[in-house]
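Here's the structure we're looking at; comments come further down.
The values are calculated or read from the model by the stated rules, or taken from the named source; none is laboratory data. Since the structure is predicted, the reported quantities are computational estimates derived from the model, not experimental observations. Methodologically, a virtual Cβ is constructed for each residue, glycine included, from the backbone with ideal geometry; neighbour enumeration extends over all protein chains shown. Just so you know, the surface numbers come from the protein's heavy atoms only, side chains and all, with ligands and any DNA or RNA stripped out. Shrake-Rupley method; radii C 1.70, N 1.55, O 1.52, S 1.80 Å.
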Amino acid sequence: MKNENKKLTAHDRHIREPLFDYLEDRYGKIRIIEEKRTGRARADVVMVTPDAIYGIEIKSDNDTYTRLAGQVKNYNIYYDYNIVAVGSSHAAHIEEHVPKWWGIITIEDVDGKLDFYTLREAGPSPMVKDERKISILWRLELANIQAINGLPKYKEKSKAFVQKKILEKVPSSLLWRQVSEELFQRDYTLISDEIEAYRKENHR
């Protein structure tokens, strides 16, 4: 049984589903998006709550800290909160590798079952940039926010232009809840058809 337990934390694919259950128990309504491009890095997990976006990096017992510094740099500017979930071999040293506002979740094998413990709660990232955070949305999702807030369609304008206008015109207290709602509703199985319909409608 001991060897079998070790296998459970050997790779992050064994960690993900139990981790998602743990996060749902702690945070309530969440949406999980996996493997999201984040600047020059790729976020293992993006967790959406009704009023915030969390970046979550998983470091299993087999992982090293080689890429972590670059990942931290990118996560800090894209997400409201950030969390690192680590296997037991990293638990004693992980605080040395992430900023003090990052949350830390430790993962251990207990009788063949993964056990999660919040070693440190996540605090708000002081480095998050609104223009980075809103770039997580697809053009169609931006169009939904434009419509909800009665903004022009800006059909001939770039995505960056639209993002800037939304940030200028929609109060933050309203906008970020709308962004979370768009991410809750995101449907990867339908998006190619929806994007094509959007392009035809807007002559793009």
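Only helical runs count toward this figure. For the chain, summing -39,500 (n - 2.57) over DSSP H runs of n ≥ 4 and dividing by all residues gives -12500 deg cm²/dmol at 222 nm. Across all C-alpha atoms in the stretch 12-52, the radius of gyration and Dmax reach 10.9, 31 Å. Computed on the Cα trace of the stretch 112-179, the radius of gyration divided by the Kirkwood hydrodynamic radius gives Rg/Rh = 1.18. Between Asp25 and Lys155, the FRET efficiency estimated from the beta carbon spacing at R0 = 41 angstrom works out to 0.40. Backbone phi angles across the stretch 136-148, fed through the Karplus curve with coefficients 6.51, -1.76 and 1.60 (θ = phi - 60°), yield HN-Hα couplings of 5, 6, 6, 4, 4, 5, 4, 4, 4, 5, 4, 5, 4 Hz in residue order; Gly and Pro are listed as x. Expressed in Å, the radius of gyration and Dmax of the Cα atoms of the stretch 29-78 are 11.3, 33.
Ignoring any ligand, DNA or RNA, what whole percent of the accessible area of the chain comes from carbon and sulfur when the probe is 1.4 angstrom? Answer for the chain is 49 percent, counting heavy atoms of protein chains only. Listed here are the pairs Lys100/Lys157; Lys29/Lys59; Lys100/Lys165; Lys29/Lys100; Lys59/Lys129; which of them are more than 31 Å apart at the Cα? Beyond 31 Å: Lys100/Lys157; Lys100/Lys165.
Across the chain, Cα pairs under 8 Å and at least six residues apart give a relative contact order of 18 percent. Surface analysis of the chain yields an accessible area of 55 Å² per residue, using protein heavy atoms and a 1.4 Å probe.
Just so you know, the averaged projected area of the alpha carbon convex hull for the chain sits at 12.3 nm². Convex hull volume of the C-alpha atoms in the stretch 49-107, normalised per residue: 73 Å³.
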